[in-house]
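Sharing a structure here in structure tokens format.
The values are calculated or read from the model by the stated rules, or taken from the named source; none is laboratory data. What you are looking at is a predicted structure, and each value in this text was computed from that prediction instead of being measured. We place every Cβ from the backbone using ideal geometry, glycine too, and count neighbours over all the protein chains shown.
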Amino acid sequence: MKIKELLFGPIPKQTESEYAELDLSQYEEVMEPEPAETYIRVAELSNLDGISELKKEIYEGNVVVVDISAIKRDQMMLERALRDLHDVVSDVGGDIAGLDDDLVITTPTGIKIDRSRIGGR
């Protein structure tokens, strides 16, 4: 069973006629950098060496979305990485959840993940 299905229940398959290509480039405005208390960081984890940088980001109070697709074939590495991330978010009072088969989101202190869906199916 997929992580997404565990969190949100079974998701109906879309047919090709229900699929629409969206051009989001008009919404992606480049803004002047301003300091923020919390950033949403996106990371790709390809080996366990990257865990220390992810931990640093979580301890600094950032939300981290991690692509774990590169380590999914090695079950031991995947379990170790997820256990390490779980330990860090537990240590800071954050949260961790799977967004998809290949994505995990971690949150720092004071931010919890609501596992219910808003609208949609």
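Please go through segment 64-103 and pick out each residue that is in contact (Cβ under 8 Å) with a residue 40 or more places away in the chain and among the aliphatic types (A, V, I, L, M).
Once the filter is applied, which keeps residues that are in contact (Cβ under 8 Å) with a residue 40 or more places away in the chain and among the aliphatic types (A, V, I, L, M), segment 64-103 yields Val64, Val65, Val66, Ala97, Leu99.
When you look at Gly50, is it among the small types (Gly, Ala, Ser) and on the phi > 0 side of the Ramachandran plot, yes or no?
no
Same structure, new question: When you look at Val92, is it surrounded by 14 or more Cβ atoms within 10 Å (Cβ to Cβ), at pLDDT 95 or above, under 27 Å from Ile118 (Cβ atoms) and over 13 Å from the mean Cα position of the chain (by Cα), yes or no?
yes
Limited to segment 95-121, what total is found for residues that are over 11 Å from the mean Cα position of the chain (by Cα), surrounded by fewer than 19 Cβ atoms within 10 Å (Cβ to Cβ) and under 23 Å from Asp49 (Cβ atoms)?
Counting residues in segment 95-121 that are over 11 Å from the mean Cα position of the chain (by Cα), surrounded by fewer than 19 Cβ atoms within 10 Å (Cβ to Cβ) and under 23 Å from Asp49 (Cβ atoms) gives 0.
Moving on. Please enumerate the residues belonging to segment 104-115 that are without any contact (Cβ under 8 Å) to a residue 60 or more places away in the chain, farther than 17 Å from Glu44 by Cα and of a type outside the set (A, V, I, L, M, F, W, C).
Thr109, Gly110, Lys112, Asp114 - these are the residues of segment 104-115 that are without any contact (Cβ under 8 Å) to a residue 60 or more places away in the chain, farther than 17 Å from Glu44 by Cα and of a type outside the set (A, V, I, L, M, F, W, C).
Applying the selection to segment 7-60, what residues are among the small types (Gly, Ala, Ser) and modelled with pLDDT of 90 or more?
Once the filter is applied, which keeps residues that are among the small types (Gly, Ala, Ser) and modelled with pLDDT of 90 or more, segment 7-60 yields Ala43, Ser46, Gly50, Ser52.
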